[in-house]
Amino acid sequence: MGAGQYSIFRGQTVDWPMRSSYCRLRPPEQADAKQRLVEFAAYVHSTSELAALHWDRFGVMAIAQHYGIPTVLVDFTTKPDVAGWFASHDDPSKEGRPSVIYMAHEECVARRYRDRLPQLHLLWIAVDNLWRLEAQSGLFLHLPFADEPELDEWLLEAFGSIRFPYRGPASDIPESAIYPSRKSRLEVLFDGFITEERLRKVHASYEEAGLQLVGPWRMERPAPAFVGEQAPPVHESWTPSRIGPWLRPPAERFRRQDNPPEVLLEVGSEGLKQTDPRVLEKQLATQIESFMAGQENARMGVVNFRLYLSESETWLDDHIELGSRLRRTVKQDLADCWDGMRRFPYSDTVICNALAYLATAWVRVHGCHQSLTEAEDLWGNQLFVELGLTSGGQHTSVAVPETEVIAAARSDLLDLLKPEFHDLQTKPEQLLHQVIEPGRLFDFDRFVTLFGHRLVPGQFLHRLRDVVLFSPAGIQRFGNR
């Protein structure tokens with residue numbers, strides 16, 4: 001199978017007729033799927049990082065398909081072993097039922113249906129940074145038919161099949177090679193859309209029950225503290241040339257992630273005894289900097305970080321924060337923080353400090369048996385801020401030291417405030433009630449440092465959803481309740 005006779009394959013653990021996920025739906029479900037696809041396309045069009053997809057209809061459909069939105073596309077692969085994995089991946093409930101692998105040659109498909117069914121055709125879609133599609137060597141069959149009685153007979157003309165009883169995994173391909181555990185920047189963005197889509201459904205159910213939700217971003221925010229009682233203009237540092245690289249990180253092709261480099265972050269007893277967490281944070285940052293200095297092009301690939309308390313011989317990387325709704329481990333948080341930042345133009349120092357801050361917080365929680373609030377309070381007075389994107393609706397909440405918010409403010413802030421409000425320069429909580437656009441309050445370079453050092457890792461500590469906000473340039477809302 002595959003010695004030149006066939007070039008495309010599809011594996012199924014259920015022997016159902018070859019149909020798209022959309023065409024298998026009932027009419028009411030199809031209406032919902034259409035709406036989801038429209039909302040997803042609107043999100044793509046409103047996101048600057050996705051500019052390459054703004055006019056790529058089939059590219060948008062392909063991504064939607066990979067994220068569970070039903071479309072008229074059917075997944076195929078160019079690799080028979082990948083099809084075999086899908087036809088036999090672990091699902092004990094299907095024991096003994098027939099699985100099926102469909103197969104064809106691309107030229108045969110094109111020749112058979114060019115005149116009779118021109119809508120039925122193969123799509124070779126290349127989407128930069130869609131690692132899941134790359135890992136699966138994927139392509140798609142455009143199959144917008146459902147109930148045509150002759151369809152199965154027509155498909156037999158080009159597609160062969162193999163049926164066999166399901167007996168469990170028949171391939172030694174690890175699941176991580178099919179569904180990569182680490183994600184590209186593009187996939188992080190789409191995770192954010194799916195998360196917000198779920199939240200919109202929850203909010204809709206609340207509204208149907210007669211509950212009115214009022215979020216801080218819907219409230220009008222007058223700015224009486226500023227001269228002219230208007231929010232100040234965007235600071236001169238927020239120029240298109242400056243923020244451009246932060247909106248569209250470079251593309252990165254998928255690579256197998258079986259044995260990534262590991263960085264051991266070792267904490268001794270003296271580190272645990274430190275009353276000032278900044279001392280331990282600096283020590284951990286130094287360990288990460290040493291790795292980056294000794295690893296050529298370290299930021300071009302995935303890395304695992306492992307936390308070890310040497311005196312007690314305790315590994316923290318597999319510890320779970322019980323208060324987290326996502327039940328994420330420390331190791332996963334550190335890996336995702338690295339992946340989320342490394343392709344943006346942060347300095348190595350900012351990335352090292354971000355990882356060290358996150359690791360230090362978890363050392364205090366798991367190693368010193370403190371609550372997260374107690375651990376964070378050691379950094380000084382904490383300001384709880386809410387930040388989010390305009391497009392897609394992604395948002396999150398983070399605790400950040402007040403002094404560092406003040407340090408990131410624009411240098412001419414005092415000149416913009418009315419004299420009777422000059423004290424707001426040192427009161428960020430009140431200042432953020434006045435203006436919610438970061439470009440109007442902060443110097444861009446200072447905001448980059450604040451965002452990378454505190455706001456990115458801080459999301460992992462308080463999150464109730466996937467972390468998606470890694471670039472300071474896309475933040476349009478930065479406020480305080």
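FYI, it's all coordinate maths here, none of it is from the lab. Model, not experiment: these values are computed from the prediction. So basically every Cβ, Gly included, is an ideal-geometry build from the backbone, and we count neighbours across all protein chains shown.
Counting other C-beta atoms within 10 Å, which of Glu374, Glu106 has the fewest, and how do the rest follow?
Working: Glu374 12, Glu106 17.
Ranking Glu374, Glu106 by Cβ neighbours within 10 Å, fewest first, gives Glu374, Glu106.
Take the alpha carbon gyration tensor of segment 306-429, find the square roots of its eigenvalues, order them as a ≥ b ≥ c, and report rounded if a/c is under 1.5; if not, report prolate when a/b exceeds b/c, else oblate.
Working: a/c = 2.16, a/b = 1.78, b/c = 1.21.
In terms of gyration-tensor shape, prolate.
Per residue of the chain, what 222 nm ellipticity follows from adding -39500 (n - 2.57) for every DSSP H run with n ≥ 4, rounded to the nearest 500?
When only DSSP H runs of four or more count, the value is -11000 deg cm²/dmol.
If the chain between Gln295 and His45 were fully stretched, how many nm would it gain, using 0.36 nm times the residue separation less the Cα-Cα distance? Mind dumping the intermediate values first?
Values: separation 250, 0.36 × 250 = 90.00 nm, distance 3.79 nm.
Here the segment from Gln295 to His45 would lengthen by 86.2 nm.
First select every other residue whose beta carbon is under 12 angstrom from the beta carbon of Glu150; then total the charges, Lys and Arg +1, Asp and Glu -1.
-4
So how tilted is helix 277-294 from the main axis of the chain? Cα-based, degrees 0 to 90, rounded to 10.
Here the helix axis deviates by roughly 50 degrees.
Using each residue's phi in segment 354-370, evaluate 6.51 cos²θ - 1.76 cosθ + 1.60 at θ = phi - 60° and report the 3J(HN,Hα) Karplus result to the nearest Hz, with x for Gly and Pro.
Calculated HN-Hα couplings, in order: 4, 5, 5, 4, 5, 5, 4, 4, 6, 4, 5, 6, 8, x, 9, 6, 9 Hz.
Cα to Cα, under 18 Å, and not fewer than 8 places away if on the same chain: which lysines meet these conditions relative to Lys183?
Lys331
Set the Förster distance to 30 Å, then compute FRET efficiency between His105 and Arg24 from the Cβ-Cβ distance, nearest 0.05. Walk me through the intermediate numbers first.
On the way: r = 26 Å, r/R0 = 0.85.
E(calc), rounded to 0.05, equals 0.70.
For the chain, which span is the longest to avoid every loop-located (per DSSP) member of chymotrypsin sites (Phe, Trp or Tyr not before Pro) having at most 13 other Cβ atoms inside 10 Å?
On the way: sites that count: Trp55, Trp124.
Answer from the scan: 125-481.
Taking only the alpha carbons of segment 8-185, what extent do you get along each of the three principal axes, in Å, biggest first?
Principal extents (Cα only, largest first): 47, 41, 35 Å.
Using the Karplus curve 6.51 cos²θ - 1.76 cosθ + 1.60 with θ = phi - 60°, work out ³J(HN,Hα) for each residue of segment 34-48 in order, rounded to whole Hz, and write x for Gly and Pro.
In residue order, the calculated couplings are 4, 5, 4, 5, 4, 5, 5, 4, 5, 4, 4, 5, 9, 10, 5 Hz.
Hey, what angle do you get for helix 57-66 against the long axis of the chain, alpha-carbon based, 0 to 90 degrees rounded to 10?
For 57-66 against the chain, the angle is about 80 degrees.
Rounding to the nearest 10 and keeping the result within 0 to 90°, find how far the Cα-based axis of helix 330-341 lies from the longest principal axis of the chain.
The angle comes out near 90 degrees.
Ratio of the chain's C-alpha Rg to 2.2 N^0.38 Å, to two decimals?
Rg over 2.2 N^0.38 Å, computed on Cα atoms: 1.12.
In nm, give the distance between the simple-model label positions of Asp81 and His369, each being 7 Å from the Cα along the Cα-to-Cβ direction.
Going by the 7 Å Cα→Cβ label model, 4.9 nm.
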